[in-house]
């Protein structure tokens, strides 16, 4: 009798194992199916995004001269911004200032290129690059709200100041046709202009502005002197950690 009960128990255990195997296998199949479905959906989405809009270059500034490549500075800018241009050997001693504009016809963009004023763009460049230097030297400030407020406001003074020495280096335009399924084709022009200013020239002018700010704010003198020293030594590409190393 004991053997019969043991055999029945073994048979029940085997059925349980088989049932569990079926459940696990079914679960695995469902997971794989879900993964496959997600992957197929992602692939379909990728294909859909790639095929819905087509951009065709119709002509550009160099078309009439048989030029079939973008200028190196544009490629560098698209890849790495202004720092990408400055990494090129011919631009290593200047700051690059780039602006771009879009339109549906060429002539207004050519007018924009010819009348472009680099002052505002220089201010934006300074604002972007000098913020880290100000932040790195903030520990030198007196521990008062007024000092911090004046310190931060001084950035606006630097940004809004007038700087000389910038010159137009190059410009480019391109005409493209944008085609999207279910829509009328659209023509778009893009114009880009490159100005440069010698690093030594802009560095010296910023240093002069900082000197004037320090004279009017003796409590901020130490921080301004530190920033000035870094700019004159390494320019607006100064390592913000340099201040921490010299404190």
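State all residues of the stretch 63-73 that are in a loop (DSSP other than H, G, I, E, B) and touching a residue at least 60 places away in the same chain (Cβ under 8 Å); if no residue qualifies, say none.
Correct list: 70, 71.
So, in the stretch 210-222, how many residues would count as being within 13 Å of residue 153 (Cβ to Cβ) and touching a helix residue (DSSP H, G or I) at 6+ places or on another chain (Cβ under 7 Å)?
Qualifying residue count for the region: 3.
Applying the selection to the stretch 158-184, what residues are surrounded by 16 or more Cβ atoms within 10 Å (Cβ to Cβ) and out of contact with any strand residue (DSSP E or B) (no Cβ under 9 Å at 6 or more places or on another chain)?
Result: 158, 159, 161.
Could we say that residue 146 is exposed (fewer than 13 other Cβ atoms within 10 Å of the Cβ), at pLDDT 95 or above and closer than 29 Å to residue 228 by Cβ here?
In short, no.
Among all residue pairs at least 6 apart or on different chains, which show Cβ distances below 7 Å where the first residue, located in the stretch 100-127, is at positive phi and the second is modelled with pLDDT under 90 and surrounded by 13 or more Cβ atoms within 10 Å (Cβ to Cβ)?
Here the result reads none, with nothing in the stretch 100-127 linked to a residue that is modelled with pLDDT under 90 and surrounded by 13 or more Cβ atoms within 10 Å (Cβ to Cβ).
With respect to the numbered conditions (1) in a helix (DSSP H, G or I); (2) modelled with pLDDT of 95 or more; (3) over 19 Å from residue 197 (Cβ atoms); (4) in contact with a helix residue (DSSP H, G or I) (Cβ under 9 Å, 6 or more places away or on another chain), which one is the sole condition not fulfilled by residue 101?
(1)
Do we find that residue 76 is surrounded by 12 or more Cβ atoms within 10 Å (Cβ to Cβ), in contact with a helix residue (DSSP H, G or I) (Cβ under 7 Å, 6 or more places away or on another chain), at pLDDT 60 or above and in a helix (DSSP H, G or I) in this structure?
In short, yes.
Quick one: count up the residues across the stretch 89-110 that are closer than 23 Å to residue 201 by Cβ and either outside the structural domain of residue 191 (by TED's automatic domain parsing) or surrounded by 14 or more Cβ atoms within 10 Å (Cβ to Cβ) (or both). Walk me through it before giving the result.
Filtering the stretch 89-110 for residues closer than 23 Å to residue 201 by Cβ gives 89-99.
Narrowing further to those that are either outside the structural domain of residue 191 (by TED's automatic domain parsing) or surrounded by 14 or more Cβ atoms within 10 Å (Cβ to Cβ) (or both): 91, 94-99.
Qualifying residue count for the region: 7.
Mind listing whichever residues of the stretch 185-223 are in a helix (DSSP H, G or I) and in contact with a strand residue (DSSP E or B) (Cβ under 8 Å, 6 or more places away or on another chain)?
So the first thing to find is which residues in the stretch 185-223 are in a helix (DSSP H, G or I), and the list is 199-216, 218-223.
Passing the criteria: 199, 202.
The values are calculated or read from the model by the stated rules, or taken from the named source; none is laboratory data. The structure presented is a predicted model; accordingly, all values stated were derived computationally and were not measured. Because the Cβ atoms are built from the backbone with ideal geometry, glycine has one as well, and the counts that use them run over all protein chains shown.
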